[in-house]
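Have a look at the structure below before the remarks.
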Ligand SMILES: CC(C)(COP(=O)(O)OP(=O)(O)OC[C@H]1O[C@@H](n2cnc3c(N)ncnc32)[C@H](O)[C@@H]1OP(=O)(O)O)[C@@H](O)C(=O)NCCC(=O)NCCS
């Protein structure tokens, strides 16, 4: 993972002027004080922050921005989310292992909890550009230090403009703020070069490879990747 993380939304498309962004040091724990950089494009100020307060503030601020920015989804947005993500599953059967029928059968809640957060990248007109979820692994006490990055999807018309990276960085910051989370895991289709490049660039490394992991109906190989968010 990079040495700093963005606590505020997505960077703008390449070549455009950035919004104000808050960047906190990766070792800053939830609830603790620390120095952060407030980047307003022309000036970078060093400010004191309490990390969870800064993250909450960032969630509110991004609501009013005109350019694509990342914010947390709420429970009330689950239905819109399902429609948006089902369109992604339809458009990318070879890289998203979830079929639209799976989404219909098992409704997904976008409620933000201490252990789960779903982010959306939103354009200035309110349309959605991409989503991703980070959640603590459930069901095993001995694996409470593991979080999963799942359901990463950016609409094809804005692919390659940094939306996926912004979502990923925000999700990783959230994982690092979850008490006790030491690493984030994910799976990715082995032929998904853009996604693998993106994940490796923030510190993910491949630890296993599964042949015939899903069929769309073509047999697809998947990689399992992991990134450390907290040592020890
Ligand atoms: C994969 C996905 C999430 C990436 O989102 P995105 O917004 O296009 O990603 P970004 O623009 O933030 O970054 C893409 C990076 O991959 C790079 N890239 C693009 N195509 C590439 C390729 N064929 N090979 C290697 N790198 C590539 C870009 O240059 C960029 O890296 P850079 O920032 O170092 O230049 C998006 O394309 C997507 O949703 N695809 C369909 C669903 C999917 O595959 N989801 C992932 C499931 S694990």
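The values are calculated or read from the model by the stated rules, or taken from the named source; none is laboratory data. Note that the coordinates shown come from a computational prediction; the quantities given were computed from them, not determined experimentally. Glycine also receives a Cβ, built like all others from the backbone with ideal geometry; neighbour counts cover every protein chain displayed.
Quick look at the values:
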item: Odd one out for residue 206, checked against (1) within 8 Å of the ligand (Cβ to nearest atom); (2) part of a strand (DSSP E or B); result: (1)
item: Subset of the stretch 100-123 that is touching a residue at least 40 places away in the same chain (Cβ under 8 Å) and more than 16 Å from the ligand (Cβ to nearest atom) - its residue that is farthest from residue 195 (Cα to Cα); result: 114
item: Evaluation of residue 176 against (1) over 26 Å from residue 94 (Cβ atoms); (2) in a helix (DSSP H, G or I); (3) in contact with a helix residue (DSSP H, G or I) (Cβ under 8 Å, 6 or more places away or on another chain) (one fails), failing number; result: (3)
item: Residue 227 in contact with a helix residue (DSSP H, G or I) (Cβ under 9 Å, 6 or more places away or on another chain), touching a residue at least 60 places away in the same chain (Cβ under 8 Å), under 26 Å from residue 73 (Cα atoms) and part of a strand (DSSP E or B); result: yes
item: Single condition residue 216 does not satisfy, out of (1) within 16 Å of the ligand (Cβ to nearest atom); (2) more than 12 Å from the chain's Cα centre (by Cα); (3) crowded, with 21+ Cβ neighbours inside 10 Å; result: (3)
item: Count of residues meeting criterion [surrounded by fewer than 17 Cβ atoms within 10 Å (Cβ to Cβ) and in contact with a strand residue (DSSP E or B) (Cβ under 8 Å, 6 or more places away or on another chain)] in the stretch 93-107; result: 1
item: Residues of the stretch 155-173 satisfying the condition of being in contact (Cβ under 8 Å) with a residue 40 or more places away in the chain and touching a strand residue (DSSP E or B) at 6+ places or on another chain (Cβ under 9 Å); result: 155, 158, 161, 163, 166, 167, 169, 170, 171, 172, 173
item: Subset of the stretch 152-165 that is touching a helix residue (DSSP H, G or I) at 6+ places or on another chain (Cβ under 9 Å) and more than 14 Å from residue 91 (Cβ to Cβ) - its residue that is surrounded by the most Cβ atoms within 10 Å (Cβ to Cβ); result: 164
item: Matching residues, the stretch 209-224, being touching a residue at least 24 places away in the same chain (Cβ under 8 Å) and in a strand (DSSP E or B); result: 213, 214, 220, 221, 222, 223, 224
item: Test for residue 146: is it surrounded by 15 or more Cβ atoms within 10 Å (Cβ to Cβ), more than 20 Å from residue 74 (Cα to Cα) and more than 8 Å from the ligand (Cβ to nearest atom); result: yes
item: Condition check for residue 165: within 15 Å of the ligand (Cβ to nearest atom), within 24 Å of residue 227 (Cα to Cα) and outside any loop (DSSP other than H, G, I, E, B); result: yes
item: The stretch 81-99 - residue that is over 17 Å from the mean Cα position of the chain (by Cα) and either farther than 21 Å from residue 191 by Cβ or modelled with pLDDT under 95 (or both) and, of those, farthest from the ligand (Cβ to nearest atom); result: 83
item: Selection from the stretch 181-195 of residues that are out of contact with any helix residue (DSSP H, G or I) (no Cβ under 7 Å at 6 or more places or on another chain) and within 6 Å of the ligand (Cβ to nearest atom); result: 192, 193, 194, 195
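For every residue, the table says whether it meets (1) assigned to a helix (DSSP H, G or I); (2) at pLDDT 95 or above; (3) buried (at least 18 other Cβ atoms within 10 Å of the Cβ).
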position	(1), (2), (3)
118	no, yes, yes
124	no, no, no
132	no, yes, yes
138	no, yes, no
142	yes, yes, no
171	yes, yes, yes
191	no, yes, no
